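These notes concern the structure reproduced below.
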Protein chains: 2
Amino acid sequence: MRATTIHAPRDIRFTEVPDPTIEKPTDAIVRVVAGCICGSDLWPYRGENAITPGSTIGHEAVGVVEETGSDVSGFAPGDFVIIPFCHSDNTCPHCRAGFTSVCTNQGWTESGQAELVRVTQADGSLVKTDGMPDSSLIPSLLTLSDVMATGWHAAVASRVRPGGTAVVIGDGAVGLCGVIAAKELGAERVVAMSRHEPRQRLATEFGATDVVAERDDAGVEAVMELTGGIGADAVLECVGTDQSMKTAFRVARPGATVGFVGAPHGVELPVRQMFVRNVGLAGGMAPVRAYLPDLLERVLDGRIDPGKVFDLTLPLDQVAEGYRAMDERRAIKVLLQP
Amino acid sequence: MRATTIHAPRDIRFTEVPDPTIEKPTDAIVRVVAGCICGSDLWPYRGENAITPGSTIGHEAVGVVEETGSDVSGFAPGDFVIIPFCHSDNTCPHCRAGFTSVCTNQGWTESGQAELVRVTQADGSLVKTDGMPDSSLIPSLLTLSDVMATGWHAAVASRVRPGGTAVVIGDGAVGLCGVIAAKELGAERVVAMSRHEPRQRLATEFGATDVVAERDDAGVEAVMELTGGIGADAVLECVGTDQSMKTAFRVARPGATVGFVGAPHGVELPVRQMFVRNVGLAGGMAPVRAYLPDLLERVLDGRIDPGKVFDLTLPLDQVAEGYRAMDERRAIKVLLQP
């Protein structure tokens, strides 16, 4: 099949690789209908994560089941499915407690920017739609494989409550989906911290009531002013850098929780400040599968339209241009069509 | 008055100092009926915290109101009161949200091991009993000024739930009170990590269902075995060292929360592990005042008897011996009688 591979920082290629095959009877092979580029793909792209030269990249995809292993009973060729980036059996104690991303039979989507994906623990991992969805729904369904579920996790982990104030740090696609999530979970005030005008617009469209363009001291001051000096009831940290994390703890009111979903890079948690101010931290890798049924219903009902985070659609063979566009912040998120 | 002062590491004296006086109309002066030594007093005693030579020490006390400022309306001379170690107006937004330890008018008990204490924000801080309590109740009431409320905070912050498993790290008085709290909040299984036989016994008396004497790798292994390889639903971290914090994160199941109440000393939080395993951290300085009415009721009803943590009672003028006994772990907690 043809797939996206990474060879070195900024060296993204679209090449021929061996087709994935059924390796275990619990596997399924899915033909990708739409894939996309994740903010976290930019870490290796920018040389900030280790790279195995020639390895496939991409972990967000929706598609149609092509083949199933002999133990897969819930899915059949032809089913349209959403593939959580993290696979899970959905039966282990961690899955049953809602933490499918820490499944004892954990697996990963390893070729989301390709023609085919192998899904491990297919019965536990996949969620199908009732028939082939309308093409207009594909972008939103695609966000459920990671980014919308990850923004949702930030909101759940930070304990967004009806009537409260939520601050969303990060205006990437996850942060923007975090705005949707905070709104859906009933936050009365949703403050988006964003410096980029098109992202500010989308945040507002998604339900942000306030936008803070400043960062660091000035950004903290602005949030404090908006909240009458009290701070936010919930903070969604959707970046993963030390700077954004420090801002998160500073804008949280005492007793609040910072919900973090950006893989931490160089983060040193301010444990003394957390202790003195009673600000907690929760979150981590999003248990996508656990949120999927609920989020799917919200998309199909038209309550949420997270697909709007895609502001650039490219044929899959132009994936390298997609990475450039996201790296240079010319695009919020790039949808890829095989 | 006569008060305990600290002059250098291991140099505790009982000396004459000026009486505290009403400095603000919201102050009250309380004559101490019983005070005690806190595990956190051992930090400066052992030279691990900075010392202002000659300063008074001690922050846990109960007593009788001696004098009130002109703005104090809820208390009068003769009232028996519990003094939270952290004073609060109980009306600011943080207090109203339950986080009295982060009050915008925060104050501190500065002479709990003395004859008199000044209480700032007396109306907000103090809680009185209905008349003079029976002397048998004094030890338990005294624990409500800090240690029992702090153990309670660890249990609340770690989200102990009915039917779940709670692991308590630390067998000091706070950890032992954490066992009481986990039990009261409905944990079905309470695992006390303790190496000291008298403390193990008290933990069991307080409701611990299991005791793990091992530490580090062996301790983690033991908890994992007890929980069928899953880990604990809630972890109460009642020490504050890097070692105990690391153990806490390792014994927590994915999705669990570590509730921490020991002032962190040299702690580096394992942010990557927290992310990958979705284990959160919450807690901090206990909002004693917020918990007091509920805890007072539990003591008066005889539901809990945290006063049992005092295994040595000394006249106040022998306070230096009390510090030695706690430092050498000859005593769990020392009650001091002026």
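The values are calculated or read from the model by the stated rules, or taken from the named source; none is laboratory data. On a predicted model such as this, the values are computed, not experimentally measured, just so you know. FYI the Cβ positions are ideal-geometry reconstructions off the backbone, even for glycines, and counts take in every protein chain you see.
The sole residue among A:270, A:306, A:293 that is surrounded by fewer than 21 Cβ atoms within 10 Å (Cβ to Cβ) and under 17 Å from residue A:62 (Cβ atoms) is A:293. Scanning the stretch B:59-94 for residues that are surrounded by 24 or more Cβ atoms within 10 Å (Cβ to Cβ) and part of a helix (DSSP H, G or I) gives a single hit, B:94.
For the residues A:150, A:165, A:204, the requirement of being of a type in the set (S, T, N, Q) and farther than 17 Å from residue A:332 by Cα singles out A:165. Output the residues belonging to the stretch B:96-120 that are under 23 Å from residue B:38 (Cα atoms), in contact (Cβ under 8 Å) with a residue 24 or more places away in the chain and assigned to a loop (DSSP other than H, G, I, E, B). Of everything in the stretch B:96-120, those that are under 23 Å from residue B:38 (Cα atoms), in contact (Cβ under 8 Å) with a residue 24 or more places away in the chain and assigned to a loop (DSSP other than H, G, I, E, B) turn out to be B:99, B:109, B:110, B:111, B:112, B:113, B:115, B:120.
The residue that is surrounded by the most Cβ atoms within 10 Å (Cβ to Cβ), among those in the stretch A:95-126 that are farther than 13 Å from residue A:290 by Cα and within 13 Å of chain B (Cβ to nearest Cβ), is A:106.
When we screen B:216, B:233 for residues that are away from chain A (no Cβ under 12 Å) and either touching a Phe, Trp or Tyr at 6+ places or on another chain (Cβ under 9 Å) or in contact (Cβ under 8 Å) with a residue 12 or more places away in the chain (or both), the only hit is B:216. Return yes when residue A:199 is farther than 27 Å from residue A:308 by Cβ and at pLDDT 95 or above and no when it is not. Considered against the rule, which asks whether it is farther than 27 Å from residue A:308 by Cβ and at pLDDT 95 or above, residue A:199 comes out as no. Filter the stretch A:309-336 down to the residues that are surrounded by fewer than 22 Cβ atoms within 10 Å (Cβ to Cβ) and either outside the structural domain of residue A:81 (by TED's automatic domain parsing) or small (Gly, Ala, Ser) (or both) and list them by number. Result: A:320, A:325.
The set of residues in the stretch A:164-191 being in a loop (DSSP other than H, G, I, E, B) and closer than 21 Å to residue A:263 by Cβ consists of A:170, A:171, A:172. All of (1) surrounded by 24 or more Cβ atoms within 10 Å (Cβ to Cβ); (2) within 23 Å of residue A:282 (Cβ to Cβ); (3) away from chain A (no Cβ under 14 Å) hold for residue B:185 with one exception: (1).
Considering the stretch A:21-58, and only residues there that are touching a Gly at 6+ places or on another chain (Cβ under 8 Å) and more than 18 Å from residue A:322 (Cα to Cα), the residue that is surrounded by the fewest Cβ atoms within 10 Å (Cβ to Cβ) turns out to be A:25.
When the stretch B:254-272 is examined, which residues are found to be more than 8 Å from every other protein chain (Cβ to nearest Cβ) and either of a type in the set (A, V, I, L, M) or without any contact (Cβ under 8 Å) to a residue 40 or more places away in the chain (or both)? Across the stretch B:254-272, the qualifying residues are B:256, B:258, B:261, B:266, B:270.
Entry remark, the stretch A:278-308: residues being within 9 Å of chain B (Cβ to nearest Cβ) and either over 22 Å from residue A:334 (Cα atoms) or not in a loop (DSSP other than H, G, I, E, B) (or both) number 8 in total. Within the stretch B:144-161, can one find any residue that is more than 14 Å from chain A (Cβ to nearest Cβ), under 28 Å from residue A:259 (Cβ atoms), small (Gly, Ala, Ser) and assigned to a helix (DSSP H, G or I)? Taking every residue of the stretch B:144-161 in turn, at least one turns out to be more than 14 Å from chain A (Cβ to nearest Cβ), under 28 Å from residue A:259 (Cβ atoms), small (Gly, Ala, Ser) and assigned to a helix (DSSP H, G or I). Scanning the stretch B:320-338 for residues that are part of a strand (DSSP E or B) and modelled with pLDDT under 95 returns no hits.
Of the residues B:249, B:206, B:275, only one is aromatic (Phe, Trp, Tyr), away from chain A (no Cβ under 11 Å) and surrounded by fewer than 23 Cβ atoms within 10 Å (Cβ to Cβ); which?
Just a single option satisfies the conditions, and that option is B:249.
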